[in-house]
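Scroll down for the structure; my scribbles are underneath it.
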């Protein structure tokens, strides 16, 4: 019952707005333009009224023009767009930039930082895999930075491989580093 009452009240409120066809516009003394469906009460600089068209009239029929063949300008545009299509990506090349061959690293916490330079951004499905002593270290990733933590002291061989869908597409040259960590001598 409440719903019916609510709908009735709303429809009665909407009907006067739909019936009002005359619109008044005027500019007040402050230069502000007003538009209303009721005429202005007080003095106004410029008063206008106009009648809106009947809302029941339909739109005019569309006018169709026959299609014209393409001109040279449009075909030149399409040729330019075809030239802009993405080209095949250049082969990926990688190099470890922050480590040198046979470099000695002194870190009591066993930290080795690895940074890779690449000639282009990685494509879709391409990932970088760090190899430590010939074994994968961590999961493949998009970023060319690694921080190896708590690596055992001694000599290690580092390399980075780029893989796409599980296939090797590029690799760095292996770099041998020597990690020195302090150790406590046992007495006894």
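Values in this text are rule-based calculations from the coordinates and carry no lab data. Note that the structure is a prediction, hence the values are computed from the model and not measured. Every residue, glycine among them, receives a Cβ derived from its backbone with ideal geometry; neighbour counts consider all protein chains shown.
Apply 1/(1 + (r/R0)^6) to the Cβ-Cβ distance of residue 186 and residue 101, taking R0 = 45 Å, and write down the FRET efficiency to the nearest 0.05. Don't skip to the end; give the middle numbers.
Working: r = 34 Å, r/R0 = 0.76.
Efficiency computed from Cβ-Cβ geometry: 0.85.
What does a probe at residue 117 reach in segment 144-174, counting residues whose amide N is under 20 Å from the point 7 Å along Cα→Cβ?
It comes to 144-147, 158-162, 170-174, nothing else.
Along Cα→Cβ, 7 Å out, is where each label goes; now give me the distance between the ones at residue 157 and residue 23 in nm to one decimal.
Calculated label separation equals 8.2 nm.
If I model a spin label at residue 124 and residue 5 as a point 7 Å from the Cα along the Cα→Cβ vector, what separation in nanometres do I get?
6.0
Kindly state, to the nearest 0.05, the FRET efficiency for residue 88 paired with residue 108, given R0 = 45 Å and r defined as their beta-carbon distance.
Details: r = 48 Å, r/R0 = 1.06.
About 0.40, to the nearest 0.05.
Going by how many other Cβ atoms sit within 10 Å of their own, how do 143, 88 line up, fewest first? Write out the running numbers ahead of the final one.
Details: 143 10, 88 5.
Ordered by Cβ neighbours within 10 Å, fewest first: 88, 143.
Do you know the relative contact order of segment 94-180, to the nearest whole percent, from alpha carbon pairs under 8 angstrom that are 6+ apart?
Values: 195 pairs, mean separation 34.5, N = 87.
With pairs under 8 Å counted, the relative contact order is 40 percent.
Where does each of 179, 12 land when they are ranked from fewest to most other beta-carbon atoms within 10 angstrom?
The order, fewest Cβ neighbours first, is 12, 179.
Of 30, 117, how do they rank once you tally other Cβ atoms within 10 Å and put the fewest first?
Details: 30 6, 117 12.
The fewest-first ordering by Cβ neighbours comes to 30, 117.
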